[in-house]
Amino acid sequence: MLVIDQANYDKIVAHARADHPDEACGVVAGPAGSDRPERFIPMANAERSPTFFRFDSQEQFRVWREMDDRDEEPVVIYHSHTATEAYPSRTDIAYASEPQAHYVLVSTRECGNEEGPVEFRSFRIVDGVVTEEEVRVVPSYTDPEPATDPEPATDPEPATDPEPATDPDPDIAAGPDSALEPDSAPEPDRAS
Ligand SMILES: [Zn+2]
């Protein structure tokens, strides 16, 4: 399964729309071993073609070396199809050389440069075998923080303390005062 944050998802789709009808391509790098696409790197399609993409070899060398320097890897390798479905072509499969990467395909065949429906699919390509995987778009990569769990437990305690303390006071104060004064005052008046 590919888990990708909304911001990077939107950047990939925006790049695909902008370059339509040519295919757009790039990577989203992430810390090595994290499987978390974080750093969006749009790249040039050296072919400038509506039916094919190829990274510019010099740019690819530079981008890959930069990832090495930062201890990153290409978590997502994306490109767009502009007239066909978002599924790897034979050429895509032949060129796929990163077995740990998520190969994302976006199809802009319906929307073109405009807003509109986009296909966004992800695949593993290992030894020429294509396996589609689920894509989950998350608002952000917030790790589950156990620090937030204890907080609700402390909230009920202060809430229960004031209640017993304030409840008896008004009852005692209002009860005897109002009950004694009117009762004792009218009685002597009526009697006399
Ligand atoms: Zn393709």
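The residue pairs whose first member lies in segment 47-60 and is under 15 Å from residue 96 (Cα atoms) and assigned by TED's automatic domain parsing to the domain that holds residue 15, whose second member is part of a helix (DSSP H, G or I) and within 11 Å of the ligand (Cβ to nearest atom), and whose beta carbons are closer than 8 Å, counting only pairs six or more residues apart or on different chains, are 52/91; 54/95.
Taking strands (runs of 3 or more DSSP E) as the structural unit, those lying wholly within segment 1-66 and holding at least 2 residues that are in contact with a helix residue (DSSP H, G or I) (Cβ under 6 Å, 6 or more places away or on another chain) correspond to 25-31, 39-43. Restricting segment 31-64 to residues that are crowded, with 16+ Cβ neighbours inside 10 Å and among the small types (Gly, Ala, Ser), the residue that is nearest to residue 91 (Cα to Cα) is 46. Screening segment 43-71 for residues that are touching a Pro at 6+ places or on another chain (Cβ under 7 Å) and within 27 Å of residue 107 (Cβ to Cβ) and picking the one that is nearest to the ligand (Cβ to nearest atom) gives 50. Each residue in segment 23-42 was checked for being touching a Phe, Trp or Tyr at 6+ places or on another chain (Cβ under 8 Å) and within 20 Å of residue 119 (Cα to Cα), and 6 of them qualify. The residues in segment 90-111 that are in contact with a helix residue (DSSP H, G or I) (Cβ under 8 Å, 6 or more places away or on another chain) and at pLDDT below 95 can be counted, and the count is 1. Which one is surrounded by the fewest Cβ atoms within 10 Å (Cβ to Cβ), of the residues in segment 71-85 that are in contact with a Lys or Arg (Cβ under 8 Å, 6 or more places away or on another chain) and not hydrophobic (A, V, I, L, M, F, W, C)? Per the stated criteria, the residue is 85. Can you say whether residue 79 is within 11 Å of the ligand (Cβ to nearest atom) and touching a residue at least 12 places away in the same chain (Cβ under 8 Å), as far as the supplied structure shows? Here the answer is yes, as residue 79 does meet what is asked.
Hey, among the residues in segment 34-46 that are closer than 30 Å to residue 136 by Cβ and free of Cβ contacts under 8 Å to residues at least 24 places away in the same chain, which one's nearest to the chain's Cα centre (by Cα)?
Let us first name the residues in segment 34-46 that are closer than 30 Å to residue 136 by Cβ, namely 34-45.
Keeping just the survivors that are free of Cβ contacts under 8 Å to residues at least 24 places away in the same chain gives 41, 43-44.
Numbers: 41: 18, 43: 23, 44: 26 Å.
Per the stated criteria, the residue is 41.
The values are calculated or read from the model by the stated rules, or taken from the named source; none is laboratory data. As the structure is a computational prediction, the values presented were derived from the model and not from experiment. Note that we place each Cβ from the backbone using ideal geometry, even for glycine, and neighbour counts take in every protein chain shown.
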